[in-house]
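Student: Here you go, one structure.
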Ligand code: 5AD
């Protein structure tokens, strides 16, 4: 069997494409051996495009207030134990100021859905672009209409992160309340692309009810949608949610998928996520070694950081941002990668 799997990996490397059945087979035959082969190829490919550089994004968690009720998420509307906050425009600009001084050239405004109007968002984006014309602004604020996305884009936003969560509609419906729709999520992703955003989709690994078939569909979706970025991380239960007692996804499967995604899209911007770093101590380092090339340190005010708890035990070391960046530089240097100060755009 290992010959067959090695052949599949070589085919993926050559053609950047497999059928859903082939992806599923590749996932079924994950072992230390196949993972090592994939990671080595993925790392070689990322080095061809991006060298040994790691891009950093300054993550500003603007609010944990959310109108949605996703069954897996700690900041879901029904979670009454969540202590809610919303940063003011001034607070956001302060975070950016601190981040700029630390060398960040991308700011990511991430938050619960439906809290920032498109107008308010556009206003903040304009101010950020005015103060820091050399920086990229990424938004990660959920679903809006096409016109609203257009307003944000016109204000100067460069990128948008909106995980598709799962490419299987039936699975999507088991993770979300009835008022949320897979089709609208897909509509949003398409609109963002046609408006000229660099777009990031993504999914959780090991979410409740997920099958290898589901993951194979996610990979096929990445192939077909061709996003500029893709955020994946293990599902981690949050105790105040309906999925609080479900098992977490694994670092091994997440890292395996990172390698596959690198081979599907050699130039993709691929973060080693906080969730991966949460599930195992050296998760982010292992992700980088296996094909990821982005990390997103937290620039949110220390006072609010713990409140942005999508899942339990999220790493919020209490480190000042400056300290966190220094740690990151060192831990990346130790494994042979270099954290760089650059906008870190997608390379066509
Ligand atoms: N575990 C891991 N990831 C989660 N997300 C939300 N809740 C969890 C959880 N319990 C992810 C979702 C969402 C992003 C903001 O965080 O994929 O899109």
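The values are calculated or read from the model by the stated rules, or taken from the named source; none is laboratory data. All of these numbers come straight from a predicted model, not from anything done at the bench. Cβ placement follows ideal geometry from the backbone for every residue including glycine, while neighbour counts extend to all protein chains displayed.
Student: Being out of contact with any helix residue (DSSP H, G or I) (no Cβ under 9 Å at 6 or more places or on another chain), closer than 29 Å to residue 27 by Cβ and more than 16 Å from the ligand (Cβ to nearest atom) is the filter here, so list the residues in the stretch 54-95 that pass it.
Tutor: 55
Student: Which condition from (1) in contact with a helix residue (DSSP H, G or I) (Cβ under 9 Å, 6 or more places away or on another chain); (2) more than 25 Å from residue 274 (Cβ to Cβ) is the one that residue 225 breaks?
Tutor: (2)
Student: Restricting to the stretch 175-207, give me the number of residues that are within 15 Å of the ligand (Cβ to nearest atom), in a helix (DSSP H, G or I) and either in contact (Cβ under 8 Å) with a residue 40 or more places away in the chain or touching a strand residue (DSSP E or B) at 6+ places or on another chain (Cβ under 8 Å) (or both).
Tutor: Matching residues across the stretch 175-207 total 6.
Residue-wise test of (1) surrounded by 23 or more Cβ atoms within 10 Å (Cβ to Cβ); (2) at pLDDT below 95; (3) more than 26 Å from residue 136 (Cβ to Cβ).
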position: 179; (1), (2), (3): no, no, yes
position: 186; (1), (2), (3): no, no, no
position: 191; (1), (2), (3): no, no, no
position: 229; (1), (2), (3): no, no, no
position: 246; (1), (2), (3): no, no, yes
position: 257; (1), (2), (3): yes, no, no
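Student: So if I check each of 273, 241, which one is at pLDDT 95 or above, crowded, with 17+ Cβ neighbours inside 10 Å, within 16 Å of the ligand (Cβ to nearest atom) and over 30 Å from residue 48 (Cα atoms)?
Tutor: 241
Student: What do you reckon, is residue 232 within 10 Å of the ligand (Cβ to nearest atom) and assigned to a loop (DSSP other than H, G, I, E, B)?
Tutor: So residue 232 fails the test.
Student: Additional query: Report yes if residue 266 is over 27 Å from residue 69 (Cα atoms), out of contact with any strand residue (DSSP E or B) (no Cβ under 9 Å at 6 or more places or on another chain) and either near the ligand (Cβ under 10 Å from one of its atoms) or in a loop (DSSP other than H, G, I, E, B) (or both), otherwise no.
Tutor: Judged against the criteria, residue 266 is a match.
Student: Can you name the condition, by its number, that residue 220 falls short on among (1) in a loop (DSSP other than H, G, I, E, B); (2) surrounded by fewer than 23 Cβ atoms within 10 Å (Cβ to Cβ)?
Tutor: (1)
Student: For residues in the stretch 159-174 being in a helix (DSSP H, G or I) and touching a helix residue (DSSP H, G or I) at 6+ places or on another chain (Cβ under 6 Å), which is farthest from the ligand (Cβ to nearest atom)?
Tutor: 169
Student: Follow-up. Answer yes or no: is there a residue in the stretch 101-117 that is more than 22 Å from the chain's Cα centre (by Cα), within 19 Å of residue 142 (Cβ to Cβ) and surrounded by fewer than 20 Cβ atoms within 10 Å (Cβ to Cβ).
Tutor: yes
Student: Looking at (1) assigned to a strand (DSSP E or B); (2) within 12 Å of the ligand (Cβ to nearest atom), which one does residue 246 not meet, given that it meets all the others?
Tutor: (1)
Student: Tell me whether the stretch 150-158 contains one or more residues that are more than 16 Å from the ligand (Cβ to nearest atom), within 19 Å of the chain's Cα centre (by Cα) and either farther than 21 Å from residue 191 by Cβ or outside any helix (DSSP H, G or I) (or both).
Tutor: Taking every residue of the stretch 150-158 in turn, at least one turns out to be more than 16 Å from the ligand (Cβ to nearest atom), within 19 Å of the chain's Cα centre (by Cα) and either farther than 21 Å from residue 191 by Cβ or outside any helix (DSSP H, G or I) (or both).
Student: Still on this model: Looking at the stretch 24-142, what helices (runs of 4 or more DSSP H) fall wholly within it and have at least 1 residues that are more than 25 Å from residue 283 (Cα to Cα) and in contact (Cβ under 8 Å) with a residue 12 or more places away in the chain?
Tutor: Fully inside the stretch 24-142 and qualifying: 89-101, 118-131.
Student: Is it the case, given these coordinates, that residue 125 is over 17 Å from the mean Cα position of the chain (by Cα) and either modelled with pLDDT of 95 or more or over 20 Å from residue 227 (Cα atoms) (or both)?
Tutor: yes
Student: May I ask you to verify whether residue 332 is at pLDDT 95 or above and under 19 Å from residue 92 (Cβ atoms)?
Tutor: When the stated conditions are applied, residue 332 does not pass them.
Student: Determine which single condition residue 287 fails, assuming it passes every other condition in (1) in a helix (DSSP H, G or I); (2) surrounded by fewer than 24 Cβ atoms within 10 Å (Cβ to Cβ); (3) within 17 Å of the chain's Cα centre (by Cα).
Tutor: Just one mismatch for residue 287, condition (2).
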